[in-house]
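Undergrad: To start, I am sharing the structure in question, which I have written as structure tokens.
The numbers here are math on the coordinates, done by the rules we state, and not lab data. Being a predicted model, the structure only gives us computed values, none of them experimental. With ideal geometry, Cβ positions are generated from the backbone for all residues, glycine too; neighbour counts draw on all protein chains shown.
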Amino acid sequence: MRHAHPLRTAARLLAGLALAALAALPAWPAAAHSDDTSRTATAAAAAPELLIGQSTRAAWDDFQSYGQDADGGSVYYELRRGDWVGDNHRAFATTVAERGGTVQVGISWKDNPPGFTGGDENAKAARSRAVTAEIAAGGHTASLDRLLAFTDAYPAARFKLRLDYEVSSFYHCTDASCSSYKNAFGRLAAHLDARSRAHNLEYVFHPVRGEFEAMYPGDAAVDWMGVSVFAHELCLPIHDRGYLYNGTPPQNYDIAASQCRNAYIGTDAYGNPAAVWRNFDHDGNVLKLVKFARDHGKPVVLSEAGLMNFTADGATTDGIEQVRAEQWVKRLFSLMNYRGPIPNLPGEHDLRGVIRSVVYIGLDFRYGWDGVDDGGFDFAPDTTWFVDGRLSRYGPARAAFCQGLAANGFTARCR
């Protein structure tokens, strides 16, 4: 989506002014989008986006070796420091923004919560939940000043802002209703819209797979639904050190059993409603999230998608497993065109056209989250949990990726 939505922006600006006047109130007063229908129609009509990489331009450069015209990339910003996670994130965001492209920004507080001084994961999660409540009450907004200055400096660019990413009740909810995260999302969106001069911001709700409905901040605040897609989400086996995650040697593994086996509500031989079992190529929670987005008139961005956990050769640690990589790519695009049953739901469901943006990370994950062999954080050399996800390394997978771009109407194409 490359068009500003002035009615939506005006609605959020008014909501933001109301919030400023009522800062003592903990609840976020949802304002209806007056342009939801037109915005959704615009998203459905536009070509889907391809965003490449996260944190550095390494994946962008890899795609440029065989492709062209990607729409943008993905980076991270940290609420605690009020700055980009690193100089490479800012540099990559600048590269994309200068082109007038789309920058997905993960605004993080769960991974490094403001005020967290140390402790185990439970202590960190407790502080993250407290920070979420503080944001809902109007706190921590000054930490966004540097980001706002950046987005205003590039009015031709579009910014998809994930208000934290892979959000979950463990890190973000202070009660069963998860009002803390819902209100925090609304507060941040209103604050950013009220202060944005370029009005080039869109807001992404990116939950873990199973908690999208319970944590949903509401139609008025959300522009995009986000989801991560790695191995399990496409019902592929997870390997580590040549073994399946459950300890099964790959030579004893039936690939058909790697698919997600679930029941859905179909009919028996007599036409009566009945549970029907089948193997799925896509995780049931992902399908339900896409359906939820469709039902709420929201497009979906695959906010994190990449090859991980898929090599079946215990002697190979570079991630080269051509058949599995090709299978992963084909299932990625089949998710964009899914029409069929959904586990534990009745009937057939047409989810085609709901996914409008794909972030293919495309990094060599053996060298950490930035994919750069710089002597920094690396994964163990004998693990195949994190592998080389650069499509330039996988002939069949790259060909399937190029075919998928063309068949689905992406502007980005292969040379």
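Undergrad: Past the 24 Å Cα-Cα mark, which pairs from LYS160/LYS182; LYS110/LYS291; LYS182/LYS298; LYS124/LYS291; LYS110/LYS330; LYS182/LYS330?
TA: LYS110/LYS291; LYS124/LYS291; LYS110/LYS330; LYS182/LYS330
Undergrad: For GLU78, what residues show an amide H to amide H distance below 5 Å, using hydrogens built from the backbone and excluding near sequence neighbours?
TA: Under 5 Å from the amide H of GLU78: ASP83, TRP84, VAL85, SER108.
Undergrad: Just rank ASP388, ASP350, fewest to most, by other beta-carbon atoms within 10 angstrom.
TA: ASP350, ASP388
Undergrad: What is the Cα centroid distance between segment 194-214 and segment 320-364, reported in whole angstrom?
TA: About 22 Å separates the Cα centre of segment 194-214 from the one of segment 320-364.
Undergrad: May I pose another question? Averaged across orientations, what area in nm² does the convex hull of the alpha carbons in segment 107-206 project?
TA: 6.1
Undergrad: Arrange the following residues from fewest to most other Cβ atoms within 10 Å of their Cβ: TRP60, TRP224.
TA: TRP60, TRP224
Undergrad: Another question, then. Neighbouring Cβ atoms within 10 Å as the yardstick, rank SER74, SER196 fewest first.
TA: With the sparsest Cβ surroundings first, the list reads SER196, SER74.
Undergrad: What does the convex hull of the Cα atoms come to per residue for segment 60-116, in Å³?
TA: Given the Cα convex hull of segment 60-116, per-residue volume reads 80 Å³.
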